[in-house]
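Asks: The following block contains the structure, expressed as structure tokens.
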Amino acid sequence: MKRWMQGIGLIYILLLLGICVPGAAGGNAQNDTGETLYLIRSERTKKETDKKMEKPKIALTFDDGPNAQFTPFLLDGLKERGIKATFFLIGKNIEAGNNADIVKREWEEGHLVGNHTYNHVEITRVSNNVAYQEIKATNDLISEITGAPVEYMRPPFGLWQKKLEQRIHVLPVMWTVDPLDWATENEDEIVNKVVTEVEENDIILLHDCYKSSVRAALRIVDLLEAEGYQFVTVDELLLE
């Protein structure tokens with residue numbers, strides 16, 4: 001029994017030598033080592049790619065634009081950071097001055113452009129026909145600039161009429177994080193409220209018609225990207 005166990009041990013040692021000693025198991029040992037290293041590197045690359053893809057997604061949205069003074073500054077900052085956002089536009093603001101050029105830039109730089117009615121009306125307080133015209137007028141303005149149909153809108157004050165969906169095909173988009181940036185000029189307050197409340201798949205509501213909001217937005221992007229968040233347009237969240 002002892003000799004039999006010693007024999008088994010010797011065979012095991014010889015097998016190990018054949019695997020670990022170059023040339024001991026034939027001429028393919030070097031090739032096997034190369035293939036092993038290739039597989040290790042490939043697996044490492046795959047893990048790094050998967051990790052990048054697994055970043056929690058959030059959406060940054062802006063209401064009430066375009067604004068000739070602050071929206072271009074915001075677009076510059078987003079472009080510098082490679083960030084895509086979603087803009088919900090007011091029709092009468094599109095028609096003001098050269099603001100149509102801002103809408104064109106938003107679209108061409110890859111942002112999602114949506115509707116926020118023509119006059120920023122609470123559509124539950126007007127007739128269905130007036131509400132329809134508020135949405136359609138702004139849709140037409142945006143489509144004339146972008147050449148694409150408008151698929152998303154944010155109803156002012158978050159109040160929506162379901163019956164409108166039978167007349168106009170837009171998807172209402174609400175929000176989950178609202179720092180009430182319109183009520184304060186304190187950038188720190190806006191930033192702190194967002195970064196402490198935000199979670200994966202959240203939709204952040206801000207406005208691009210206030211200097212404090214725009215400056216806070218860029219700080220929010222920097223802080224949340226450092227925490228590992230990935231910014232996407234709202235359609236990417238809603239269609240998942």
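Asks: Since Pro149 meets every condition but one in (1) open to solvent by 20 Å² or more (accessible area, probe 1.4 Å); (2) outside any loop (DSSP other than H, G, I, E, B), which condition does it not meet?
Replies: Of (1) open to solvent by 20 Å² or more (accessible area, probe 1.4 Å); (2) outside any loop (DSSP other than H, G, I, E, B), only one is false for Pro149: (2).
Asks: Okay, next question. Output the residues belonging to region 152-185 that are basic (Lys, Arg) and crowded, with 16+ Cβ neighbours inside 10 Å.
Replies: Of everything in region 152-185, just one residue is basic (Lys, Arg) and crowded, with 16+ Cβ neighbours inside 10 Å, namely Arg154.
Asks: Keeping to region 195-224, report how many residues are within 22 Å of Gly158 (Cβ to Cβ) and under 15 Å from the mean Cα position of the chain (by Cα).
Replies: The qualifying residues number 11.
Asks: Also, quick follow-up: Given the structure, is Glu109 closer than 27 Å to Gly77 by Cα, surrounded by fewer than 20 Cβ atoms within 10 Å (Cβ to Cβ) and touching a His at 6+ places or on another chain (Cβ under 8 Å)?
Replies: When the stated conditions are applied, Glu109 does not pass them.
Asks: How about region 112-137: which of its residues are part of a loop (DSSP other than H, G, I, E, B) and surrounded by fewer than 21 Cβ atoms within 10 Å (Cβ to Cβ)?
Replies: Asn119, His120, Val121, Glu122, Val126, Ser127 - these are the residues of region 112-137 that are part of a loop (DSSP other than H, G, I, E, B) and surrounded by fewer than 21 Cβ atoms within 10 Å (Cβ to Cβ).
Asks: Okay, moving on. Looking only at residues that are free of Cβ contacts under 8 Å to residues at least 12 places away in the same chain and either open to solvent by less than 40 Å² (accessible area, probe 1.4 Å) or not aliphatic (A, V, I, L, M) (or both) in region 51-68, which one is nearest to Pro156 (Cα to Cα)?
Replies: Glu54
Asks: For region 139-154, which positions are under 15 Å from His116 (Cβ atoms) and of a type in the set (Asp, Glu)?
Replies: Hits for region 139-154 are Asp140, Glu151.
Rundown of residues vs (1) in a helix (DSSP H, G or I); (2) out of contact with any His (no Cβ under 8 Å at 6 or more places or on another chain); (3) open to solvent by 20 Å² or more (accessible area, probe 1.4 Å); (4) closer than 24 Å to Pro72 by Cα, yes/no style:
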residue	(1), (2), (3), (4)
Val194	yes, yes, no, yes
Glu200	no, yes, yes, no
Ser213	yes, no, no, yes
Ala216	yes, yes, no, yes
Val221	yes, yes, no, yes
Leu224	yes, yes, no, yes
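Asks: Scanning region 80-98 for residues that are open to solvent by 10 Å² or more (accessible area, probe 1.4 Å) and in a helix (DSSP H, G or I), which turns out farthest from Arg215 (Cα to Cα)?
Replies: Selected residue: Lys92.
Asks: List the residue pairs whose Cβ atoms are under 8 Å apart, where the first residue sits in region 83-105 and is at positive phi, the second is open to solvent by 40 Å² or more (accessible area, probe 1.4 Å) and in a loop (DSSP other than H, G, I, E, B), and the two are 6 or more positions apart or on different chains.
Replies: If the second residue must be open to solvent by 40 Å² or more (accessible area, probe 1.4 Å) and in a loop (DSSP other than H, G, I, E, B), the pairs left are Gly97/Ala68.
The values are calculated or read from the model by the stated rules, or taken from the named source; none is laboratory data. What you see is a predicted model; the values in this text were computed from it and never measured. Cβ: placed from backbone, ideal geometry, glycine included. Neighbour counts: every protein chain shown. Ligands, DNA and RNA are excluded from the accessible area calculation, which covers all protein heavy atoms including side chains. Shrake-Rupley method; radii C 1.70, N 1.55, O 1.52, S 1.80 Å.
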